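To start, the structure under review is shown below, and the notes come after it.
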Amino acid sequence: MLKVRPHILLTLAFLFVGATIASADYFPASRTRVPSARAGALGGRHAALADDLDSLFSNPAGFATAQEQLRIAELTLALRGPVFTIAGIAIEGMEGDFDEVLATDRVSNLVRDLDAGVNLAGPISFGYVGNGLGFGVFNESDIVMRNEGLTTIRFVVRERMIIAGGLGLQVPTGDALPGRLDAGFVLKGFIEGETSFAESLIELPDTISDAGPGLLMEEPFYLTSGIGADIGLLYTPVERLSFGLTAMNVYTPAVRYRYADVEAFMDNESPDGRETLMVPLELSAGVLYRPPLAFLERHVSDLKLMFDYRDAVDFLVQPENSENVLLKFSLGAELTLLRILALRAGFARGLPAAGLGVDFGKLRIDAAMFGTELSPEPGLRSVYNILLGLQFNW
């Protein structure tokens, strides 16, 4: 009988997936998961941290050990880039001469490298994790502003729905491997509607003053849908130490349809175009350590320290968009006091992160501020983000 070694099968599978991805354009992986204020404060999601419903987007192997959690709803507001500066300019323009305000060097410098946005996750955020099972339904709304040339701003509006579910289980290892090994997978699907318009700084005041429901109705409308899978491993050799390995978007194809405008989509007209996309594979590894607290246990409930190396194979999956190695390292720390207050700090993509969370049982409030590097090199195009989250759990 012909025997095929496992590593040969894995190599062939990786080459097949890589060849498939290379033949398609990309859909950003960030738009296949929902934002998390807790993760933002910890320097992003960590492969070895999988203790709540967020395991759906961090490591599905965590379903096997996560405590039961039923989420009823969520509201998470994410602000990216100089949104407060933009709001200040808008207020200043409405109180005075808009044309004069837009003609200043301050506005010109802002538009030159503009990348700002507002994201609202929820209120649809229903899910469950526990007993080896995890699933959830989520919605998001996006408004993005970015420069298009020296004096033009493009406004992008998106609405997105994500459905994900999977299983996690303990892998029997006998005496071959000490400790506990868990494995898990998630099957997911998403659908996103997008439209946009571009306006020059000169015409922007008139556009704002005449803004109404029909502003976006005559612009092209894009509908993108996709399905995919994530897999993960979580190995705990001793109680306080865990290692995580995840392959997110192992195979996640998507299709984008273009319609002449929103009305054409609503009238069920045939699309003008069709494009095949692929969400790129993200292979990440991480470690989590919970040091003993000794005499501090009376006031300090828990301490988690995390270190990750993310998106390790981007140079193979999408070499034209590969990033500097320094942007792949991330650190995170979470200190829980009296089982209620969580103080968090992190470092990811060459920029710091910080935040806190308050757990009232049925209600959890989280806040975070962290940096994001938009360029493939450290420090070339950095923006800061603010996240405020309310989670209603049962």
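Key figures for this structure:
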item	result
Pairs, first closer than 17 Å to GLU269 by Cβ in region 217-233, second crowded, with 17+ Cβ neighbours inside 10 Å and of a type in the set (Phe, Trp, Tyr), C-beta under 6 Å, six or more apart	PHE221/TYR259; PHE221/PHE265
Residue in region 74-81 that is buried (at least 18 other Cβ atoms within 10 Å of the Cβ), within 27 Å of THR246 (Cα to Cα), at pLDDT 85 or above and of a type in the set (Val, Ile, Thr) present	yes
All positions within region 256-291 that are part of a strand (DSSP E or B) and of a type in the set (Asp, Glu)	GLU275, GLU282
Only one of ASN119, ASN131 that is at pLDDT 80 or above and under 21 Å from the mean Cα position of the chain (by Cα)	ASN119
Of the criteria (1) modelled with pLDDT of 90 or more; (2) under 25 Å from TYR222 (Cβ atoms), which one ALA183 fails	(2)
Qualifying residue in region 76-83 (condition: part of a loop (DSSP other than H, G, I, E, B), under 17 Å from the mean Cα position of the chain (by Cα) and not β-branched (Val, Ile, Thr))	yes
Test: VAL118 is assigned to a strand (DSSP E or B) and surrounded by fewer than 19 Cβ atoms within 10 Å (Cβ to Cβ)	yes
Region 225-279: number of residues that are within 30 Å of PHE307 (Cα to Cα) and of a type in the set (D, E, K, R)	3
Of residues in region 342-370 being within 25 Å of GLN69 (Cα to Cα) and not in a strand (DSSP E or B), the one modelled with the lowest pLDDT	GLY361
Residues of region 147-169 classified as in a strand (DSSP E or B), farther than 25 Å from SER58 by Cα and in contact with a Leu (Cβ under 6 Å, 6 or more places away or on another chain), total	1
Considering residues of region 350-394 that are acidic (Asp, Glu) and crowded, with 19+ Cβ neighbours inside 10 Å only, the residue farthest from ILE72 (Cα to Cα)	GLU373
Hey, PHE138 more than 29 Å from GLY193 (Cβ to Cβ) and modelled with pLDDT of 95 or more or not	no
Condition met for GLY273 (in contact with a His (Cβ under 8 Å, 6 or more places away or on another chain) and over 25 Å from ASN147 (Cβ atoms))	no
Residue count for region 223-245, restricted to those that are surrounded by 19 or more Cβ atoms within 10 Å (Cβ to Cβ) and in contact with a Lys or Arg (Cβ under 9 Å, 6 or more places away or on another chain)	7
Qualifying residues in region 30-50 (those that are among the polar types (S, T, N, Q) and in a helix (DSSP H, G or I)) - the one surrounded by the fewest Cβ atoms within 10 Å (Cβ to Cβ)	SER30
Of all residues in region 296-313 being out of contact with any helix residue (DSSP H, G or I) (no Cβ under 7 Å at 6 or more places or on another chain) and within 19 Å of PHE370 (Cα to Cα), the one that is surrounded by the most Cβ atoms within 10 Å (Cβ to Cβ)	ASP308
Residue ID - surrounded by the fewest Cβ atoms within 10 Å (Cβ to Cβ), chosen from residues in region 157-196 that are of a type in the set (Asp, Glu) and in contact with a strand residue (DSSP E or B) (Cβ under 8 Å, 6 or more places away or on another chain)	GLU159
Candidates LEU327, LEU316, LEU343, LEU338 - the one that is in contact (Cβ under 8 Å) with a residue 12 or more places away in the chain and buried (at least 17 other Cβ atoms within 10 Å of the Cβ)	LEU327
Condition check for LEU53: closer than 30 Å to LEU283 by Cα, in contact with a strand residue (DSSP E or B) (Cβ under 7 Å, 6 or more places away or on another chain) and part of a strand (DSSP E or B)	no
Test result for ASP182, acidic (Asp, Glu) and under 17 Å from the mean Cα position of the chain (by Cα)	no
Near pairs, Cβ below 7 angstrom, 6+ apart or cross-chain, from region 54-71 (under 16 Å from PHE138 (Cα atoms) and among the hydroxyl-bearing types (Ser, Thr, Tyr)) to any residue that is at pLDDT 95 or above and not in a loop (DSSP other than H, G, I, E, B)	SER55/GLY62; SER55/PHE63; SER55/VAL129; SER55/GLY134
Cross-chain or 6+ apart pairs with Cβ under 6 Å, region 290-305 first and over 15 Å from LEU341 (Cβ atoms), then β-branched (Val, Ile, Thr)	LEU293/VAL300
Subset tally (residues that are β-branched (Val, Ile, Thr) and closer than 14 Å to THR32 by Cβ) for region 175-196	2
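The values are calculated or read from the model by the stated rules, or taken from the named source; none is laboratory data. Computed from a predicted model, the values in this text were never measured in an experiment. In this analysis, Cβ positions are derived from the backbone assuming ideal geometry, glycine residues included, and neighbour counts consider all displayed protein chains.
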